[in-house]
């Protein structure tokens, strides 16, 4: 094209290029800030010695108390082996000897002994550990949104509840970490399903701390009586760059603020958003690539166009997700509202987005496979051409080359 600019987007192990006429308002969105140097154990100790709106854990602890430390399971990147020794030291300094590590499985599978050993590190065999049992929960009330708060009996019975985790953008709870160690990590299936059903609310989005899902989670955390948290922010090598400890909401928000400064970028409302998850393996399948859509959806104008550039060499990527795609768009959304099913939830989320925007998928998949997932199959250049025809000469375009690791937002709420 004459007078055009060539833009590159990651795609599989290589990339794709798109020509955009120079007359259009185009912004390429990337994080501007430099990630802090890893802090390791010193950063953990700093956070524990300066808790946010809380006494030190060693001061909360009293002789004769029992304590549970809720730890992430093997599906999460939390460096639990680094977090546990200083936490146990704080508790024992306060006179607590009855300490149990509870693996917060939620609805995930049980873990192998090798996985437990990897998570616990030097404390494996030296501290009591048990796994959450979704069928052994105690009802302690109901949230204002109607979620039954049914929590693992061993957590409810403890005198001190300590939560650990990693703070990342989360596509319907706003952020991970904080009270998510209670709901869903050690909650019943009924509690989890009711809470997760809130994800179709338009405000249930990544980078929004007032997501109805997170607000419901934090109400459950308040009811459970979380005494203390230790959360961390990691770099892309899973090294600790920041830690926050103390009050389960206020300390969590300290970590959220840092994550926002590092990886959250504001952009003007756009008619057209072109986003890549970031290439392989982030775009290995539709199931994984979906996260990039959730990270850009709030900057797209109503009835705008979103072009997802994702190779998806392994197709759908999840058997339940694929099975749900056999239903029509409206049917799958209704089905989801009737009961949360892991895997099916992504079918419902993509279907919901396809109601709001024109969703194009530029991939290696056959057209019929793409259409089944509620996308419009297209080449990158053709998708752009159709979007420009729709939105006209004044169309604003945002390009996000690494949508999984970048959160783009329109305005501060």
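Throughout, read-outs are computed from the coordinates displayed, never taken from laboratory work. Bear in mind the structure is a predicted one, so any value in this text is a computation, not a measurement. Virtual Cβ from ideal backbone geometry, glycine too; neighbours counted across all protein chains shown.
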* Structure fact -> Here FRET efficiency (C-beta to C-beta, residue 356 to residue 30, R₀ 25 Å, nearest 0.05) is 0.50
* Once a ≥ b ≥ c are taken as the square roots of the eigenvalues of the Cα gyration tensor of the stretch 40-262, is the result rounded (a/c under 1.5), prolate (a/b larger than b/c) or oblate (a/b not larger than b/c)? -> rounded
* To do: Quick one: check the C-alpha center-to-center distance for the stretch 388-412 versus the stretch 224-260, whole angstrom.
  => 30
* Asked: Put a dot 7 Å past each Cα toward the Cβ at residue 138 and residue 394; how far apart are the dots in nm?
  -> 6.2
* **Using alpha-carbon coordinates, inclination of helix 80-93 to the longest axis of the chain, degrees** => 30
* Would you calculate, for the chain, the mean residue ellipticity at 222 nm contributed by helices, counting each DSSP H stretch of 4 or more residues as -39,500 (n - 2.57) and dividing by all residues, to the nearest 500? => -9000 deg cm²/dmol
* Structure fact -> Between residue 107 and residue 250, Cβ-based FRET efficiency (R0 22 Å, step 0.05) works out to 0.15
* Asked: Of 93, 327, 191, how do they rank once you tally other Cβ atoms within 10 Å and put the fewest first?
  -> 93, 327, 191
* Say each of residue 379 and residue 189 gets a label point 7 Å from the Cα, pointing the same way as Cα to Cβ; how far apart are those two points in nm? -> 4.8
* To do: Using only Cα atoms, find the angle between the long axis of helix 286-296 and the longest principal axis of the chain, and express it within 0 to 90 degrees, rounded to the nearest 10.
  => 90
* Residues 58, 242, 144, 379, sorted so that the one with the fewest Cβ neighbours within 10 Å comes first -> 144, 379, 58, 242
* Compute the long axis of helix 212-224 from its Cα atoms, compare it with the longest principal axis of the Cα atoms of the chain, and write down the angle in degrees, 0 to 90, nearest 10. => 0
* Using label points projected 7 Å from each Cα along Cα→Cβ, tell me how many nm separate residue 6 and residue 268, to one decimal. => 2.7
* Name the most mobile residue of 385, 40, 403, meaning the one with the largest mean-square fluctuation, in a Gaussian network model of the chain with Cα contacts below 10 Å. => 385
* Highest GNM mean-square fluctuation, the chain, Cα pairs closer than 10 Å: which of 241, 232, 256? -> 241
